[in-house]
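Everything on this sheet refers to the single structure shown next.
The values are calculated or read from the model by the stated rules, or taken from the named source; none is laboratory data. Note that the structure is predicted; figures quoted are calculated from it, not measured. Cβ atoms come from the backbone with ideal geometry, glycine included; neighbour counts cover every protein chain shown. These area figures cover heavy atoms from the full protein model, side chains too; ligands, DNA and RNA do not enter into them. Shrake-Rupley method; radii C 1.70, N 1.55, O 1.52, S 1.80 Å.
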Amino acid sequence: MARTVLIVAGGVASAEEAWEAAKDADFIIAADGGFSLASQAGLRVDLLVGDMDSLDSPPQNIPILKFPREKDATDLELALDYARATNPERIVVVGAFGARLDHTLANANLLEKYDLPVVLFHQGFRVYLVVDELEIPAALGDLVSLIPLSAEVRGIFTWGLRYPLHDGVLFRASTRGVSNEVVGLPCGVRVREGKLLLIHKPKGGGQ
């Protein structure tokens, strides 16, 4: 069983970011066009998943889990489902977001279906799926936003943030959790009911 599975997707990401995301990976999956990014980063891909519509010539030296082009899930969702089935401790994703707004929104909302730690790397930001309790490697002055995936998230407790929540509630149709600030360490969040995204922007990092 892999402790950490990395998925390299075909969105916007640099080779440097892919390499950073792969530091603790025990198993690496490329989701279709993500194979090109993985190759640029010099990563060893253990499995290629998708319909192969973004690759001129799929590699011959690694296992491929191929799907038809007409399907009901994106290549990233298929890769996430495969990764979850291996029972890892966590899943890391790079290249989940990109120029297509529909894919970006769908991929962010997709995380609600999973019940294990997932972290997305995106241009200096880290996007964490919070299903229970999470502490993040933050520094004073960093920005943190809490974005509900469920219609409502209840029993929210935070620590280390300028605007704390104590048994708080956040609603998906609200911007209340946006742009908080790390003022103490450690910094983290715990939830009792619902799924939450924690978006971490290091001070001076991201765009």
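So, in the range 44-65, of the ones that are surrounded by 13 or more Cβ atoms within 10 Å (Cβ to Cβ) and charged (D, E, K, R), which residue ends up nearest to D26 (Cα to Cα)? By that ranking, first place goes to D46. Name every residue in the range 159-185 that is more than 13 Å from L143 (Cα to Cα) and among the acidic types (D, E), in order of residue number. Passing the criteria: only D167.
The one condition from (1) in contact with a Lys or Arg (Cβ under 6 Å, 6 or more places away or on another chain); (2) without any contact (Cβ under 8 Å) to a residue 60 or more places away in the chain that G141 does not meet is (2).
Taken over the range 115-130, the residue count meeting the criterion of being over 25 Å from A15 (Cα atoms) and surrounded by 18 or more Cβ atoms within 10 Å (Cβ to Cβ) is 1. Residues in the range 66-89 that are in a loop (DSSP other than H, G, I, E, B) and open to solvent by less than 40 Å² (accessible area, probe 1.4 Å) were compared, and the one that is modelled with the lowest pLDDT is A73.
Of everything in the range 162-173, what is assigned to a loop (DSSP other than H, G, I, E, B), of a type outside the set (A, V, I, L, M, F, W, C) and without any contact (Cβ under 8 Å) to a residue 24 or more places away in the chain? Give them in sequence order. Listed by number, the residues that qualify are R162, Y163, P164.
Figure legend. Inter-residue proximity from the range 76-103: first residues in contact (Cβ under 8 Å) with a residue 24 or more places away in the chain and farther than 24 Å from A15 by Cβ, second residues open to solvent by 80 Å² or more (accessible area, probe 1.4 Å) and assigned to a strand (DSSP E or B), beta-carbon distance below 6 Å, spacing 6+ or different chains. No pairs are indicated.
Which of the residues spanning the range 140-161 are surrounded by 14 or more Cβ atoms within 10 Å (Cβ to Cβ) and in a loop (DSSP other than H, G, I, E, B)? Within the range 140-161, D142, L149, S150, G160 meet the criteria. If you filter the range 186-207 down to residues that are in a loop (DSSP other than H, G, I, E, B), modelled with pLDDT of 95 or more and open to solvent by 70 Å² or more (accessible area, probe 1.4 Å), you find that the one that is nearest to L140 (Cα to Cα) is P186. Does the range 112-133 contain any residue that is modelled with pLDDT of 95 or more, closer than 30 Å to T74 by Cβ and in a helix (DSSP H, G or I)? The answer is yes; a qualifying residue exists.
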